[in-house]
Every structure is written in C-alpha cells, then in structure tokens.
Amino acid sequence: MTDPLLEIDDLHVHFHTEEGTVEALDGVSLTVERDEVVGVIGESGCGKSVTAFSTMGLLQSPPAEVVSGSIRYDGRELLDLSDDELDGIRGDDITMIYQDPMSSLNPVLTIGHQLTEPLLAHRDISKAAARQKAIEMLEACGLADAERLMDEYPDALSGGMRQRVVIAMALITEPKLLIADEPTTALDVTIQAQIMDLLRDLREEFEMSVLIISHDLAVISEIADRMAVMYAGNVVETCSMRELFEAPLHPYTRKLAESIPSLETSVQRLPTIEGTVPELIDPPTGCRFASRCPDYIGSECDEIDPQLAEPEGIRDHEVACHYYTDESDAEPPWQIQGVEDQ
Ligand SMILES: Nc1ncnc2c1ncn2[C@@H]1O[C@H](COP(=O)(O)OP(=O)(O)O)[C@@H](O)[C@H]1O
Ligand SMILES: [Mg+2]
C-alpha cells in the first residue's frame, strides 16, 4: 500500500486568549488516502475548521500555537516547511473552499481576474491560456455563458453561482487534495444538493482526494467514502460511511447516526444530544464527552482520555471510548455489529 496522501497525527493546537488557553485540538489524527473522500462531522466548535486551517498552514500565530503533532502531505512534513515552500503547495496541490464563500471572492476584482490568478502564480502559462482554462473550469462547474461571466464582479452573481465560482477557483490548478469546509452551509437546500452533486462529479473527473467538513450528516453522506467524527477537539471515531450508519461504535456517533433514518431517506433532523460541547479553556480531563454521554461507565471516563484505536476483531474502524479499551471491563450496552463485505 502507498502512503496516505494526507496524514495528520496527534495534532495539538492551542489558542492563547485573554481568557486563557483554548485547547482546540487535543491530539487529532486522521488520514486521507489517494482518491478518497473523507468527511469530517461534528457539532459546531469541535475543531473541524481548526484542523483544516492547520493543514493549509493558515492558522494565525499568535493567538494559535501548534503545540505538537505532525501533518504529512504526500510524504512531506508540512509543519517543517518554510512559508515559501508552503506557498508552493497551498493554492496549487492543496486548495480549500472556505465556510463563507464571499470571503474567498474579492468584490473589486472580476471573476476572470480571480480565477486566473492562481494559475498565473503557480504555472508557467500565458494570460490567454489561463483565460481559456478559466472559461473551461467555469463551464465544468455548470456555469453557462462563461465568457461573459469572466468580466463580471462577484456582486452580479447569485449565491449558488458564487459558490460555483469559488469551486472553480479551488479546482483551477487541478489540486490533488481539496479541503471543503462547510461548502454549502450558506445556501438553500435545493442549491446545496446541486453543489454536492457537482463536487461529486468533479472529484471523479479530476481524480482528487477530498476532505469535506460539515456539521450536517445528511450533506456529507452524499459524497464521503469514509468518516471522521470529531468531538471537542478529538477525532472520536473513524470508519466507512456505511459503518457509520449501520455499525457506529462511539456513543456520540450513535447519537449522530440516529438523527438520520438511513442512507436512502436522507431526511434531515437535528441530532438530539442533550447538553453542549464543553468549554475548551480548561477542558474536562478524561473523555471530553463524558458529561453528556448516555452510556457513561464511571470514573475511567472522567479520569482517562480514551485513545483512538481499532477494537479487537474489528477492521478499518477506530474508536476512542472506554467500552473498547483495556482500562474498562464494561461491555457496551448495544450490540457490536460487523458490516458484511459487499
Ligand atoms: N482564533 C481563535 N481564538 C480562540 N479560540 C478559537 C479561535 N479559533 C477557533 N477557536 C476555538 O477552537 C475551537 C474549535 O473551533 P472550530 O475549529 O472553528 O470549530 P468547528 O469548525 O468544528 O465549528 C472552538 O472552541 C473555538 O472557539
Ligand atoms: Mg467550522
């Protein structure tokens, strides 16, 4: 097997604020294989965006501090690269669609200017060739009348069209890895579905790996092959999309999966998990989910931080919960099912 394209290992990120140190990422580990779509799911404030920004090398420091850990991309340690070296990768090999599409578009520059900019920065290409490529990319993103659009300003476009332009910008260099942080949150439901369809088609066409972030399982289940579930700065479970619905292990994942009836009927309901994500200034020791956990075991949950690991007898599925660690003899109150190979 070849190395993963992206391998984040035990990443700890803090923010130093006047109120204290926010322990935003508490040992995040996650991988994206070549040609794989990994979905990151979790409630607001769980560290999804901080994980994405860390990978892009875009955390502002201060207040952010990468305390420890590793982010390897295509075999290279990103945390060791100089700004210049990182600039060669970011915006070319790795690109990102941000949570707020308007923030990626400059209102005073034409669409054409903004689309060709990454190409002119990263490729030895003439202006005319860059323009032609930009027009093709707008068309690939489902935008009609691309020639005319090139001379428009972002204000002239609807929200859905802007998001298509933002996607075109992210794909113009044909990246190997696309990071999409809540790419459809600002859009209405019909447009959301169209954009997800578009992303799915484009990722096949361009053979990209994708790390897609959402707080909405219904959105992400349309596209992801594998899932990483985040809670309060930790990845608490990783598994295939199918297992997330059919054989979830972590109590938090089980709650999330219950909020959606099945893969086929993606009716959207809000997860009903009592309580809120804990403060990450002086966070609880032990399992950060303990205070909300419907299946809380006892002192080990409060005292020992469960590590992400593959439970015995289960393949390609990791979980961080004391039901599956040596520290506890407790048997899960639910049946552990394997998912049959297809
Ligand atoms: N610039 C910052 N200063 C202080 N705390 C921050 C900053 N950015 C993010 N955080 C904190 O880090 C945690 C994770 O945030 P984030 O990754 O944005 O969550 P998500 O994307 O999952 O909603 C939150 O507790 C958030 O308050
Ligand atoms: Mg976010």
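The values are calculated or read from the model by the stated rules, or taken from the named source; none is laboratory data. Please read these numbers as outputs of a predicted model, since none were measured by experiment. Glycine gets a Cβ as well: all are built from the backbone with ideal geometry, and neighbour counts include every protein chain shown.
Observations
- Checking each residue in region 117-137 for being touching a helix residue (DSSP H, G or I) at 6+ places or on another chain (Cβ under 6 Å) and in contact (Cβ under 8 Å) with a residue 40 or more places away in the chain picks out only LEU119.
Quick grid of which residues meet (1) in a loop (DSSP other than H, G, I, E, B); (2) not hydrophobic (A, V, I, L, M, F, W, C):
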| position | (1), (2) |
| --- | --- |
| GLU300 | no, yes |
| PRO306 | yes, yes |
| PRO311 | yes, yes |
| ASP316 | yes, yes |
| TYR323 | no, yes |
| ASP326 | yes, yes |
| ILE336 | yes, no |
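- Answer residue from region 53-89, given it is of a type in the set (A, V, I, L, M) and assigned to a strand (DSSP E or B) and is nearest to the chain's Cα centre (by Cα) among those: ILE71
- Of the strands (runs of 3 or more DSSP E) lying entirely inside region 197-241, those containing at least 3 residues that are among the polar types (S, T, N, Q) span 234-240.
- On inspection, PRO4 does not qualify as more than 13 Å from ligand 1 (Cβ to nearest atom), crowded, with 21+ Cβ neighbours inside 10 Å and either under 18 Å from the mean Cα position of the chain (by Cα) or at pLDDT 95 or above (or both).
- Positions within region 268-291 being without any contact (Cβ under 8 Å) to a residue 40 or more places away in the chain and among the charged types (D, E, K, R), in sequence order: ARG269, GLU274, GLU279
- Residues being away from ligand 2 (no atom under 11 Å from the Cβ), among the aliphatic types (A, V, I, L, M), in contact with a helix residue (DSSP H, G or I) (Cβ under 9 Å, 6 or more places away or on another chain) and within 25 Å of PRO251 (Cβ to Cβ) - total across region 25-51: 4
- For first residues located in region 43-59 and touching a residue at least 40 places away in the same chain (Cβ under 8 Å), partners that are of a type in the set (Ser, Thr, Tyr) and crowded, with 19+ Cβ neighbours inside 10 Å and lie 6+ apart or on another chain with Cβ distances below 8 Å form the pairs GLU43/TYR231; CYS46/TYR231; THR55/TYR73.
- Test: GLU23 is among the charged types (D, E, K, R), in contact (Cβ under 8 Å) with a residue 24 or more places away in the chain and closer than 19 Å to ASP282 by Cα: yes
- Among the residues making up region 83-120, those that are more than 16 Å from ligand 2 (Cβ to nearest atom) and touching a strand residue (DSSP E or B) at 6+ places or on another chain (Cβ under 9 Å) are GLU85, ILE89, ARG90, ASP93, ILE94, THR95, PRO118.
- All positions within region 7-59 that are within 12 Å of ligand 1 (Cβ to nearest atom) and of a type in the set (Lys, Arg): LYS48
- Annotation note: of LEU178, LEU138, LEU202, LEU198, the sole residue that is more than 16 Å from ligand 2 (Cβ to nearest atom), of a type in the set (A, V, I, L, M, F, W, C), within 16 Å of ILE97 (Cβ to Cβ) and out of contact with any Leu (no Cβ under 9 Å at 6 or more places or on another chain) is LEU198.
- Within region 181-191, considering residues that are farther than 8 Å from ILE97 by Cα and not charged (D, E, K, R), the one nearest to ligand 2 (Cβ to nearest atom): THR185
- Residue ID - surrounded by the most Cβ atoms within 10 Å (Cβ to Cβ), chosen from residues in region 288-342 that are β-branched (Val, Ile, Thr) and under 15 Å from ALA247 (Cα atoms): VAL319
- For VAL189: the one exception among (1) modelled with pLDDT under 90; (2) closer than 30 Å to CYS287 by Cβ: (2)
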